[in-house]
Amino acid sequence: MFGSLSTKIAHSAVTATTLGSQELRPLQDAITKEKEIVTAAQRLSKDWSVAAEALKQWGSGEGDDLGDISNAAMMISGHISSAFNVFADHELNIRAQLKEVRTKEEQLDELRKRRRTVVGKLDAQEKKLSKMGPE
């Protein structure tokens, strides 16, 4: 229970700047910005679709020529909207990969800390042995 909570806390944008390795801060910033990009692309896609639909409705009430043009503009806007959705999906994949890299980096950092601890203990034991003399 607390393991999951501590992971969420460690990976949140607010505490990521105060906790954890300084080396991982740029990676965390990139992950946070990727999330903002995904949100913005999804919002833009939705807004573009809504605007296209509004243009179509307006154009259909303004006559045949304008109705045809607004239908074509709506189709083009639909393609643009779907392109933003595809872009957002790709960004989600990129963000997922960055999160996996962050997790692996955190695991590697933990292993390095444990290695330093073991090396420190080993050095302390060697010093004790050298003080004991050749017994």
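Can you say whether residue 92 is part of a helix (DSSP H, G or I) and within 13 Å of the chain's Cα centre (by Cα), as far as the supplied structure shows? In short, yes. Taking the stated definitions as given, is residue 49 polar (S, T, N, Q), at pLDDT below 95 and surrounded by 12 or more Cβ atoms within 10 Å (Cβ to Cβ)? When the stated conditions are applied, residue 49 passes them. Of all the numbered requirements in (1) among the polar types (S, T, N, Q); (2) open to solvent by less than 90 Å² (accessible area, probe 1.4 Å); (3) farther than 30 Å from residue 26 by Cβ, residue 39 misses one, and that requirement is (3). Summed over region 52-100, residues that are open to solvent by 90 Å² or more (accessible area, probe 1.4 Å) and among the charged types (D, E, K, R) total 5.
Close contacts from region 93-116, counting a first residue that is closer than 16 Å to residue 31 by Cβ and a second that is assigned to a helix (DSSP H, G or I) and of a type in the set (D, E, K, R), with Cβ to Cβ under 7 Å and a gap of 6+ residues or different chains, come to 94/34; 95/34; 95/35; 98/34. Can we say residue 114 is surrounded by 11 or more Cβ atoms within 10 Å (Cβ to Cβ), farther than 25 Å from residue 47 by Cβ and either within 35 Å of the chain's Cα centre (by Cα) or small (Gly, Ala, Ser) (or both)? No: the conditions fail for residue 114.
So which residues in region 81-111 are more than 25 Å from residue 45 (Cα to Cα) and of a type in the set (Ser, Thr, Tyr)?
103
The values are calculated or read from the model by the stated rules, or taken from the named source; none is laboratory data. Small disclaimer: the values here were computed from a predicted structure and weren't measured. Cβ: placed from backbone, ideal geometry, glycine included. Neighbour counts: every protein chain shown. Heads up: the accessible areas ignore ligands, DNA and RNA and are worked out on the full protein's heavy atoms, side chains in. Shrake-Rupley method; radii C 1.70, N 1.55, O 1.52, S 1.80 Å.
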